Each structure stands twice: as C-alpha cells, then as structure tokens.
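A quick write-up on the structure given underneath.
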Amino acid sequence: MKIVGLETIVFGVEDVASCATFLTDYGLFPVDVTESGGRFEALDGTAVVLAHVSDKSLPASIGNGCMMRKTVMGVADVATIEAITEELSKDREVRQLADGSIESTDDSGFVIGFQVTTRKELNLAGEISNVPGSPFQRPVNHLAVNDEIGQIRPRSLSHIVYFVPDPVKAEAFYVERLGFRCTDRFEGTGPFLQPAGTLDHHTHFLIGAPPFMKGVEHFTFHFGGPTEMIQNGSRFIEKGYQAFWGPGRHIFGSNWFWYFNSPFGCHIEMDADMDLHDANWEPRVAASNADTSQTFLLRYRDKWAPGKDTPHNGDYE
C-alpha cells in the first residue's frame with residue numbers, strides 16, 4: 001500500500017491559545033487559526049491540527065491524559081484509499097468522511113485516518129558541509145550560518161512514537177494490514193516502522209508500555225540540517241521553552257535530535273538528516289539503552305565568548 005507518511009496529527013486541547021503560540025514559536029505556519037483551533041503547517045503542508053476539547057467533531061480520547069485524538073496518514077492515490085478500506089473493513093468499522101478521507105482504529109485503539117496526500121513537493125537545498133576530499137562543497141562565499149534570518153521553518157512532519165500495551169500486536173497490524181516494514185528494532189521495546197511510500201527510516205516507532213501509559217511519547221518534524229535544527233532549538237529555549245533531551249544524534253535512523261516539553265501531554269522533537277532505506281536494507285536489532293539510543297549527546301548552555309577573563313587551565317565552567 002502506497003502510504004507516503006504522516007499528513008496531520010490532531011490534538012484536542014484545553015488552552016488553544018497557548019498551544020497555538022507554542023507551535024508558532026516552534027516554526028509552523030498558522031493557517032485559518034481561531035480561538036477554537038486551526039492548522040499549523042510545515043513547508044510541505046503537513047501539519048498539526050488543534051481543536052478545543054469540547055469540539056464534537058473530535059474522535060474520542062483514549063484517556064491516560066493523551067491529547068492526541070487522531071493520526072492522519074497521506075497516501076499516493078485513491079486506489080490506496082480503496083485498498084485500505086477493503087482491508088480494514090474485514091474486521092472493523094471504516095468511516096468515509098465528507099472530505100474523501102477515511103477513518104478507523106488500529107489494534108492499540110488509536111484513531112487513524114488516511115487521505116490522498118496534499119503535501120507540496122519541496123525544492124530546497126539542505127545543509128552542505130565543506131569537507132576535505134569531498135566533491136560536494138558549499139559554493140565559494142556561500143555562508144553556512146546566518147543568524148539574522150527570521151523564523152526557521154520545519155520542512156515536513158517526520159514521525160510519531162506511540163506507547164502501546166502490546167508492541168507485537170501493534171506491529172503486526174501495521175506490517176500485515178497496512179504494508180509497513182520494520183527497519184530496526186530495540187529488543188524488548190519495539191520496532192521502527194516504515195510505510196511503503198517513503199524511504200524515511202521510520203514514520204512510526206512503537207514502545208511497549210503498561211496500559212496506563214498508552215499514548216504518545218513524542219512527534220517531530222524534519223528540519224533542513226543539524227545547524228538549522230540546533231539554531232532553532234536554541235532560539236526555542238531563549239523564548240522560555242524547556243529542553244528535555246539533546247541535542248544529539250541517534251544511531252537507529254542516524255537523525256539529529258532535540259526534544260522539548262510541550263503542552264500536548266507528550267514531547268515534541270526537532271530532527272534532521274534521517275537515514276533513507278529501501279527494500280535491500282536488513283533491519284538491525286539492539287538492546288535499548290543509553291549507548292544504543294544515541295551516538296553522542298550534547299549539553300546546551302548559554303552563549304559565551306572568550307575574553308581577557310578566560311581561565312587558561314581549560315576550565316570554562
């Protein structure tokens with residue numbers, strides 16, 4: 001099935017105004033936003049959608065304080081919508097919505113939707129490094145850093161991470177019913193899953209957890225490179241938001257990461273430079289621990305500059 005990836009994530013929130021400010025400060029474009037909610041889009045049109053918890057059009061909450069109400073996946077064509085409808089209708093309700101999309105639930109109870117993707121094709125250069133011996137270089141007199149640029153914009157909705165009570169059952173649903181495949185796995189924790197319509201290392205990561213934890217651990221958007229991601233994250237902290245983990249670089253997926261606390265009952269990440277894999281890739285398996293989760297982890301600190309008062313013993317704390 002030609003599932004391209006995540007299209008929108010829908011949240012039901014109490015304080016629409018503060019959540020809207022948070023997403024705008026993160027870098028998303030507000031679209032048709034009112035006091036009742038609206039869309040917050042990346043450069044390709046993938047988005048977070050906010051609605052007030054009282055909105056009757058929202059799917060029911062799964063509980064546990066989870067504010068995420070629905071995950072919508074984009075597909076390549078109407079034929080894929082029809083194939084998914086036929087497959088899922090074998091054992092569950094599939095609702096046809098007025099906009100042509102469909103809605104159902106996965107085997108963990110999360111509401112999932114599918115629509116023909118409306119994401120825009122991007123033609124934007126990513127980060128290029130000057131590396132001795134490499135034929136791919138930044139052009140002469142082309143600056144790698146511009147601290148005078150305005151708001152940095154995320155490019156595309158990347159992935160979501162679910163806490164699920166039964167990761168084996170949850171994985172089987174996405175693999176056997178929707179055509180996902182496992183690209184890598186943390187043994188005893190869960191799989192990274194890639195749909196057939198993308199080369200991204202994963203759009204979903206499933207973490208086994210007790211039923212009272214069922215919900216979302218984090219979601220994230222891709223940025224244009226590690227410099228852009230870290231520059232945006234630093235500005236985010238300067239605006240008063242709290243970092244949770246990072247910056248650093250994962251091993252599975254290789255993506256740069258920086259996680260932040262959010263008002264959505266889960267974390268939000270900024271990521272960059274994720275691995276791409278095709279059908280020739282053989283999934284890896286590793287124990288889940290600090291050494292396998294990241295190849296390195298950095299620590300943020302306030303800006304600093306050397307001067308006449310700088311110690312000469314290397315101790316800059």
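The values are calculated or read from the model by the stated rules, or taken from the named source; none is laboratory data. This is a predicted model, so every value here is computed, not measured. Backbone-built Cβ (ideal geometry, glycine too); neighbour counts: all protein chains shown.
Within the stretch 78-93, no residue satisfies the criterion of being charged (D, E, K, R) and either touching a Leu at 6+ places or on another chain (Cβ under 7 Å) or crowded, with 20+ Cβ neighbours inside 10 Å (or both).
Within the stretch 94-124, the residues that satisfy the criterion of being more than 23 Å from PHE11 (Cα to Cα), exposed (fewer than 13 other Cβ atoms within 10 Å of the Cβ) and in contact (Cβ under 8 Å) with a residue 40 or more places away in the chain are GLU121, LEU124. What's the total number of residues in the stretch 1-40 that are closer than 21 Å to GLU238 by Cβ, in contact with a helix residue (DSSP H, G or I) (Cβ under 9 Å, 6 or more places away or on another chain) and aromatic (Phe, Trp, Tyr)? Final tally of qualifying residues: 2. Anything in the stretch 163-199 that is over 29 Å from ASP77 (Cα atoms), touching a Leu at 6+ places or on another chain (Cβ under 8 Å) and hydrophobic (A, V, I, L, M, F, W, C)? List them, or say none. Within the stretch 163-199, VAL164 is the sole residue that qualifies. What do you reckon, is TRP245 in a strand (DSSP E or B), modelled with pLDDT of 95 or more and touching a Pro at 6+ places or on another chain (Cβ under 6 Å)? No, not satisfied. Scan the stretch 265-277 and give yes if some residue there is farther than 30 Å from ASP107 by Cβ, touching a residue at least 60 places away in the same chain (Cβ under 8 Å), assigned to a helix (DSSP H, G or I) and of a type outside the set (Gly, Ala, Ser), otherwise no. No, because not a single residue in the stretch 265-277 is farther than 30 Å from ASP107 by Cβ, touching a residue at least 60 places away in the same chain (Cβ under 8 Å), assigned to a helix (DSSP H, G or I) and of a type outside the set (Gly, Ala, Ser). Among the numbered conditions (1) under 26 Å from PHE264 (Cα atoms); (2) touching a residue at least 60 places away in the same chain (Cβ under 8 Å), tell me where ALA172 comes up short. Every condition holds for ALA172 apart from (1).
Count of the stretch 286-301 residues, restricted to those that are surrounded by 13 or more Cβ atoms within 10 Å (Cβ to Cβ) and not in a loop (DSSP other than H, G, I, E, B), is 5.
Assess whether ILE9 counts as being of a type in the set (A, V, I, L, M), part of a strand (DSSP E or B) and in contact with a strand residue (DSSP E or B) (Cβ under 8 Å, 6 or more places away or on another chain).
Numbers: of a type in the set (A, V, I, L, M): yes; part of a strand (DSSP E or B): yes; in contact with a strand residue (DSSP E or B) (Cβ under 8 Å, 6 or more places away or on another chain): yes.
Yes, satisfied.
Restricting the stretch 15-43 to residues that are among the charged types (D, E, K, R) and touching a Pro at 6+ places or on another chain (Cβ under 9 Å), which is farthest from ASP200 (Cα to Cα)? Among those that are among the charged types (D, E, K, R) and touching a Pro at 6+ places or on another chain (Cβ under 9 Å), it is ASP15.
For the stretch 250-291, name all the residues that are hydroxyl-bearing (Ser, Thr, Tyr) and out of contact with any Phe, Trp or Tyr (no Cβ under 7 Å at 6 or more places or on another chain). Break it down stepwise before answering.
Quick first cut of the stretch 250-291, residues hydroxyl-bearing (Ser, Thr, Tyr) only: 254, 259, 262, 288.
Result: SER254, single match.
One residue stands out in the stretch 193-204 among those that are surrounded by 22 or more Cβ atoms within 10 Å (Cβ to Cβ) and in contact with a Gly (Cβ under 7 Å, 6 or more places away or on another chain): the one that is nearest to ILE9 (Cα to Cα), namely THR203. Within the stretch 22-45, can one find any residue that is touching a Lys or Arg at 6+ places or on another chain (Cβ under 8 Å), within 30 Å of LYS169 (Cα to Cα) and surrounded by 17 or more Cβ atoms within 10 Å (Cβ to Cβ)? Scanning the stretch 22-45, I find no residue that is touching a Lys or Arg at 6+ places or on another chain (Cβ under 8 Å), within 30 Å of LYS169 (Cα to Cα) and surrounded by 17 or more Cβ atoms within 10 Å (Cβ to Cβ), so the answer is no. Quick one: in the stretch 145-170, of everything that is surrounded by 23 or more Cβ atoms within 10 Å (Cβ to Cβ) and more than 15 Å from the chain's Cα centre (by Cα), which residue is nearest to THR292 (Cα to Cα)? Ranking the candidates gives VAL164 first.
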